[in-house]
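What follows draws every value from the coordinates through simple rules; no lab data is involved. Bear in mind that the values here come from a model prediction, so they are computed numbers and not experimental data. Neighbour counts are summed over all protein chains in view; Cβ atoms, including those assigned to glycine, are modelled from backbone coordinates with ideal geometry.
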Amino acid sequence: MSFTVLGTGSKLPDTVVTNDDLATFLDTSDEWITTRTGIHRRHVLKQEKLIDLATVAAKNALKNSGVTADELDLILCSTIQGDYVSPAFACVVQKELGATCPAFDVNAGCSGFIYALDVADGYFARGRAKKVLIIAAEAMTRFTNWQDRSTCVLFGDGCGAVVLGEGDDLLSIKITAEGNFEALNIPHTQGNCPYTELDGKESVLHMDGQSVFKFAVSSICRDIKDVTQAAGLTLDDLDYMVLHQANYRIMESAARRLKISMDRVPSIIHETGNMSSACIPIVLDQLNRSGKLVNSRYIALAGFGSGFTTGACVLRCHKF
Ligand code: UT7
């Protein structure tokens, strides 16, 4: 027994920051950002807290699924970091929902949503859960260095959520990690312990963009082929390939190598930028609510991120 997706939800912050807005304080341009990344604007937390978005996304997914908070057996939150270092952000969402089940976080960078699906799959397989809520909640704009034009223009904030129930719609899944922390990392805040020798590293995102780009394209192609084959399907059987939204050029390069046309690769990056692990469930929610899944059969998801981690899966499709 695995799972079926019962419902989806999402929420973006109200404040929108355009490329031209960034060009007022950074040496950048709408032309550079658009052509190199496909990003036109991003939504940024201003007056809201991440918990406000996560609660709305979770409630939308619960409503869409017809499941109530007291029916949940598990809440998993995929996040780099919520509003607190501790407790787990899943517990903060749990309080807002009035749920009483176990709740914990999964941090696998931008692959976190697929990792959370894999964890949930284990709970269903062991008969430990009948209803699971996964929320991917990311406030990437907290971690970017707003003086570094090569990274801060890429990111935005947002939350996506799914409610899972017992079923057989997960046809295959794989997760990987490589133990690479050099190419993409955010050092922790170092505290003020008088005994600790501080190295002076700021707690902001550092990235070697080109090596992440190459890793992204090759891992997407490898993982999509693997999970499609494991599901007993061919690439032609996939109605949609939902990819982590890090750069439109990454999506195009992977799709070109896999010979999948871009009309089967949904994209929101022009509107949102990179929201880490929240991208994939937000795209899923948009596909679901626009009715595009009604006549579809199979959908593949693939993410990649710091670690380097990757995750991919194939789901049987229907209107969630
Ligand atoms: O969630 C996973 C995390 N991230 C990713 O997946 C990101 C993967 N990497 C990428 O998407 C791309 O590598 C970037 C968008 C980050 C960079 O694009 P690129 O085509 O690899 O550009 P580049 O780093 O080679 O930089 C080209 C030029 C440089 O100038 P010079 O040295 O040629 O004079 C940069 O200084 O572009 C310059 N540049 C900018 N110019 C204007 C870098 N950022 C900007 C900017 N505006 N925002």
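Side notes on the structure shown:
- Principal axis box of the stretch 26-156, alpha-carbon based, largest edge first, Å: 53, 30, 29
- Mean shadow area of the chain, taken as a quarter of the surface of its Cα convex hull (nm²): 16.4 nm²
- The ellipsoid that matches the Cα gyration tensor of the stretch 122-251 has semi-axes, each √(5λ) in whole angstrom, of 34, 22, 15, with the longest given first.
- Cβ crowding within 10 Å, taken as a proxy for footprinting-reagent exposure, orders 110, 77 from fewest neighbours to most as 77, 110.
- Helix-derived mean residue ellipticity, 222 nm - over the chain, DSSP H n ≥ 4, -39500 (n - 2.57), to 500: -9500 deg cm²/dmol
- Order of 316, 297 under a 10 Å beta carbon neighbour criterion, fewest first: 297, 316
- Relative exposure of 115, 195, judged by other C-beta atoms within 10 Å (fewest first): 195, 115
- Volume of the convex hull of the stretch 172-316 (Cα atoms only), normalised per residue: 127 Å³.
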